[in-house]
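The values are calculated or read from the model by the stated rules, or taken from the named source; none is laboratory data. Everything numeric in this text was worked out from a predicted model, so none of it was measured. Here Cβ is always computed from backbone atoms with ideal geometry, including for glycine, and neighbour counts include all displayed protein chains.
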Amino acid sequence: MSKTVATRTGSTANRAVGSAGTSVLVLNGPNLNLLGTREPATYGKETLADIEKECRRYAAEHKFAVEFRQSNHEGQLIDWIQEARGRMGGIVINPGGYGHTSIAIPDALRAVALPTIEVHISNVFAREPFRHHSTISAVAKGVICGLGGRGYILALDAMRRIIAGTAISE
Ligand code: CA2
């Protein structure tokens, strides 16, 4: 199935909805598998499975595909980022604690050169100072934090517009 989308210049382009170019990789870093089980005051009551379901519902509604993954291992996240090259249209990443420490994850994101949006469930700027810096943000097109699981949907909304070439600030 294909859909005709208007580009910013007013011309049109055919993009196959659900094809490699319009699939979005949603990556989740360490400890996010614990969502909904502990620290609800900080991370809410939603589980990662709830967030995945909402992402899938949003993607189906807008006729694109998501691959939703979580790992506690930096190398695994990097392997998935590398594998996304040529297969995915963009990456939404909640790097978890690696967002504050990793050099290798932003290196991989830079290497694959896919549009990336960084998401954090909590408002990292209202928390400890060590959470105020992210090594990922400089390679991201945008950063969303503090909006809970809703942040993933906002990121997917922005990403589908970026992929379609209709994002206002591209
Ligand atoms: O707010 C976010 O999404 C974070 O990326 C979550 C990370 C944290 O290190 C970042 O500063 C902000 C931690 C994820 C841990 O998730 C848990 C969930 C429930 C219980 C314990 C940990």
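Structure notes:
- Answer from ILE117, ILE93 - the residue that is closer than 27 Å to THR22 by Cα, within 11 Å of the ligand (Cβ to nearest atom) and of a type in the set (A, V, I, L, M): ILE93
- Residues in segment 26-84 that are in a helix (DSSP H, G or I), touching a strand residue (DSSP E or B) at 6+ places or on another chain (Cβ under 9 Å) and among the aromatic types (Phe, Trp, Tyr) were compared, and the one that is farthest from HIS100 (Cα to Cα) is TYR58.
- One residue alone among LEU35, LEU48, LEU27 is modelled with pLDDT of 95 or more, crowded, with 16+ Cβ neighbours inside 10 Å and more than 23 Å from LEU109 (Cα to Cα), and that residue is LEU35.
Listed here are the residues, each with its yes/no results for (1) assigned to a helix (DSSP H, G or I); (2) at pLDDT 95 or above.
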| position | (1), (2) |
| --- | --- |
| ALA108 | yes, yes |
| HIS133 | no, yes |
| GLY151 | yes, yes |
| SER169 | no, no |
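- Only listed residue being buried (at least 18 other Cβ atoms within 10 Å of the Cβ), modelled with pLDDT of 95 or more and among the polar types (S, T, N, Q), chosen from SER122, SER137: SER122
- Pairs linking a residue in segment 39-63 that is at positive phi to a residue that is assigned to a helix (DSSP H, G or I), with Cβ atoms under 6 Å and 6 or more positions apart or on different chains, do not occur.
- Within segment 55-67, being surrounded by 14 or more Cβ atoms within 10 Å (Cβ to Cβ), of a type in the set (A, V, I, L, M, F, W, C) and more than 11 Å from SER23 (Cβ to Cβ) holds for one residue alone: CYS55.
- Boolean, PHE68 is among the aromatic types (Phe, Trp, Tyr), within 10 Å of the ligand (Cβ to nearest atom) and either touching a Cys at 6+ places or on another chain (Cβ under 8 Å) or at pLDDT 95 or above (or both): no
- Whenever a residue of segment 107-130 is closer than 25 Å to ARG161 by Cβ, its partners that are more than 15 Å from the ligand (Cβ to nearest atom) and of a type in the set (S, T, N, Q), lying with C-beta atoms within less than 7 angstrom and at least six residues away or across chains, give the pairs ALA108/GLN82; VAL112/GLN82.
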